[in-house]
Every structure is written in C-alpha cells, then in structure tokens.
Amino acid sequence: MPFAVFLDRDGVINRAVIRDKKPYPPSKLEDVVFPLGAFEAIQALRTSGYLVIVITNQPDVAKGIQSKDVVEAIHDFIQQQLHVDDIKVCYHDDEDDCYCRKPKPGMIIDAAQEYAIDLAGSYMVGDRWRDIEAGRAAGCKTILIQPEINYNERQAQGMNAVANSLYEAAALILKSNF
C-alpha cells in the first residue's frame, strides 16, 4: 500500500491572506502565491514515492462569498504548477455538519480508500488545529506549519512535529525524523 502526504491548501502550499490575525483563502487566482520551496518539497515527496494530496476546506462557497468556479480555477492552477496527485475539497460550512469538513477526517479517509493508502505511514501537514485533528483522527502522523503570526483561533495541539515551511516539513518526512 502506498503512503501519502496530505497537505492543507491555504497557509501550506499557498500563502493564506491574513486579516485580523485570521487566515483566509485567496479570493482570486491572481492572489495565489506559492511559498519558497513549495514546488521542490512536493517534487521531493513524489520522487520518494509518496502520493501528495491536497485536503482543503473551502466554506466560502457555502457562505456565498466565493464561487466554486474560482476555487476550481485555483485548483487547476495548483495542479499545473505544483503537480500534486489530487485535490480533495469540502465546500461545506460548520453548520452543515458533514463528515468531510476538517477537523473530521472524511476527505483523508475517502482518499485512502480511493488510492489504497496506508494511513499509519502517511502524514497530514497543515497550519491550523483543524488539519492536525483531521490527520490524527485518520491515523496519520501530523506536522504543523507554524504560521508567521499565531492565528486568533484555537491553537493546534498534539502534532508530531512543527516546521516553519512546507519545505522544512518535507525534509522531516524524508528523513523520518520523528
């Protein structure tokens, strides 16, 4: 069974837009900025045999703030530029109480079934508590990408490691340093 590295989108593979110490997704394709080393990190993981799958909540679609077309255009751009294996997205808001919205592990579980992934040897990398809890609930090891500023929300706990960037997280995974 293959292993995977599940990556959150905003704040991990592209920069989150920070307003009032809270992270938000880019509102349009032109606002998508990849952090230094993101492409190299993803390629190193894929070359080492990991599937790289983006797992992202996009509740602004359910709220009517963002169009699904813009989110899908951003995902097409991510696929073209970073060559991830897949992108799983939850368009629901918390009130929908769906099984796929992080911190629930539904998107990870679905990807594991689709690709026959061994979750015990896989990783979830994210910048928020929701990512860490989803990864832990799915049985993955977890890495928190430490945001430049602490978000004004519940803080992540119980992660296996902390990194300053996706590039650093990939290095930890490839060294199996934890």
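Derivation of every value follows stated rules applied to the coordinates shown; laboratory data play no part. Just so we're clear, the structure is a prediction, and the values are computed from it rather than from any experiment. Please note: Cβ atoms are built from the backbone with ideal geometry, for glycine as well, and neighbour counts cover all protein chains shown.
Sort MET159, MET124, MET1 so the one with the fewest other Cβ atoms within 10 Å of its own Cβ comes first. Mind dumping the intermediate values first?
Numbers: MET159 22, MET124 31, MET1 12.
Exposure proxy ranking, most exposed first: MET1, MET159, MET124.
Arrange the following residues from fewest to most other Cβ atoms within 10 Å of their Cβ: VAL162, VAL70, VAL5.
Lowest to highest Cβ neighbour count: VAL162, VAL70, VAL5.
Quick one: compute the contact order of the chain, relative version, from alpha carbon pairs under 8 angstrom and 6+ residues apart, as a percent.
Rounded, it is 26 percent for the chain.
Using the 10 angstrom Cβ neighbour count as an exposure proxy, how do LEU82, LEU174, LEU29 rank, fewest first?
Arranged by neighbour count, lowest to highest, LEU82, LEU174, LEU29 become LEU29, LEU174, LEU82.
Add -39500 (n - 2.57) for each DSSP H run of 4 or more in the chain, then divide by its residues: what number comes out at 222 nm, to the nearest 500 deg cm²/dmol?
The helix-only estimate for the chain comes to -9500 deg cm²/dmol at 222 nm.
Could you tell me what percent of the DSSP beta bridges with both partners in segment 1-103 are antiparallel, to the nearest 5?
Counting only bridges with both partners in segment 1-103, antiparallel ones make up about 25 percent.
At most 16 other C-beta atoms within 10 Å and a DSSP loop state: those are the exposed trypsin sites (Lys or Arg not before Pro) I care about. Give me the longest piece of the chain that has none.
29-153
Excluding LEU7 itself, calculate the net charge of residues whose Cβ lies under 11 Å from the Cβ of LEU7, where each Lys or Arg counts +1 and each Asp or Glu counts -1.
That works out to -4.
Which whole-Hz couplings ³J(HN,Hα) result when phi for each residue of segment 97-109 is put into the Karplus expression 6.51 cos²θ - 1.76 cosθ + 1.60, θ = phi - 60°, listed in order with x for Gly and Pro?
Whole-Hz 3J(HN,Hα) from phi for segment 97-109: 6, 7, 7, 8, 6, 4, x, 6, x, x, 5, 5, 4.
With the Cα gyration tensor of the chain in hand, convert its eigenvalues to equivalent ellipsoid semi-axes via √(5λ) and list them largest first in whole Å.
Each semi-axis is the square root of five times an eigenvalue, giving 22, 18, 17 Å.
Tell me, which cysteines of the chain are without a disulfide-compatible partner by the Cβ under 4.7 Å rule?
Lacking a cysteine Cβ partner under 4.7 Å: CYS98, CYS140.
Once you mark the GluC sites (Glu not before Pro) that are in a DSSP loop and have at most 15 other Cβ atoms within 10 Å, what is the longest gap between them in the chain?
With GluC sites (Glu not before Pro) excluded where exposed in loops, the chain gives 1-147 as its longest stretch.
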